[in-house]
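Below: one structure, written as structure tokens.
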Amino acid sequence: MKNLIKLFTVVLLVSLTSSFAQQKVETFKITPDGFNGYVVKSFDGKSETEIYNSIKKWAEYNINNSSESKNSDIVNEYIGYDIIVKNGIVVKQMGTYIKWDVKFNIKFRIKGDKVRFDVNITSMKLNNPTRYHKDDFYFKADVLNWSFFKNNGKPKKNTKDARDTIEIIANGLVNGVSDTILGVIKSDTDWD
């Protein structure tokens, strides 16, 4: 009976976590469990093919070695990339800046004239470990580990700027791709 209760509890927690992660939101916000959901944007008058090609064009201009970064590709429906942002997290401690490289996984789901943007962080690695600083960064952790939030879910004061920066990066990815789809961003070939 105890095993059944434990199993039920685990299934309930997993389903609650999954349903939380699947919320449609206007902008990405960092939470103790990652980002708060997914963003959907409409691109009136754009076809699935135009949207798909614009995403690929954005990737070619903005992701180093985009063909190697691509982790999934279904023509005109879905495309995903892994993107590493060097020094994506910077925290000042006792006059020293500690820096972590952040690996994002961004997925674009295309349906009609809409794109669903899913952005996840898959790792936050210290880019220059030392004897005193050698740990990865976490969403939620105890006092002794670097994280955005404490184990109880409350934000850590010393990482507010890092949380803000991560949100700016995630929402900047959405805005950059959206601008490319809309033709707002001109490529290097659009000069006279």
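A compact table of results
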quantity: Selection status of VAL25, at pLDDT 95 or above, within 27 Å of PHE148 (Cβ to Cβ) and exposed (fewer than 15 other Cβ atoms within 10 Å of the Cβ); calculated: yes
quantity: Residue in the stretch 118-140 that is in contact with a strand residue (DSSP E or B) (Cβ under 8 Å, 6 or more places away or on another chain), of a type outside the set (Val, Ile, Thr), free of Cβ contacts under 8 Å to residues at least 60 places away in the same chain and under 21 Å from VAL25 (Cα atoms) present; calculated: no
quantity: Exclusive hit being of a type in the set (A, V, I, L, M), surrounded by 15 or more Cβ atoms within 10 Å (Cβ to Cβ) and in contact with a strand residue (DSSP E or B) (Cβ under 9 Å, 6 or more places away or on another chain), set VAL143, VAL174, VAL90; calculated: VAL174
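Per-residue answers, yes or no, for (1) basic (Lys, Arg); (2) touching a Gly at 6+ places or on another chain (Cβ under 8 Å); (3) surrounded by 16 or more Cβ atoms within 10 Å (Cβ to Cβ); (4) touching a residue at least 40 places away in the same chain (Cβ under 8 Å):
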{"position": "LYS29", "(1), (2), (3), (4)": "yes, no, no, yes"}
{"position": "ASP33", "(1), (2), (3), (4)": "no, no, no, yes"}
{"position": "ASN36", "(1), (2), (3), (4)": "no, no, yes, no"}
{"position": "PHE43", "(1), (2), (3), (4)": "no, no, yes, yes"}
{"position": "ILE55", "(1), (2), (3), (4)": "no, no, yes, yes"}
{"position": "TYR61", "(1), (2), (3), (4)": "no, no, no, yes"}
{"position": "ASN65", "(1), (2), (3), (4)": "no, no, no, no"}
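The values are calculated or read from the model by the stated rules, or taken from the named source; none is laboratory data. The structure displayed is predicted, hence computed values, not measured ones. As a convention, Cβ positions derive from the backbone with ideal geometry for all residues, glycine included, and neighbour counts pool all protein chains shown.
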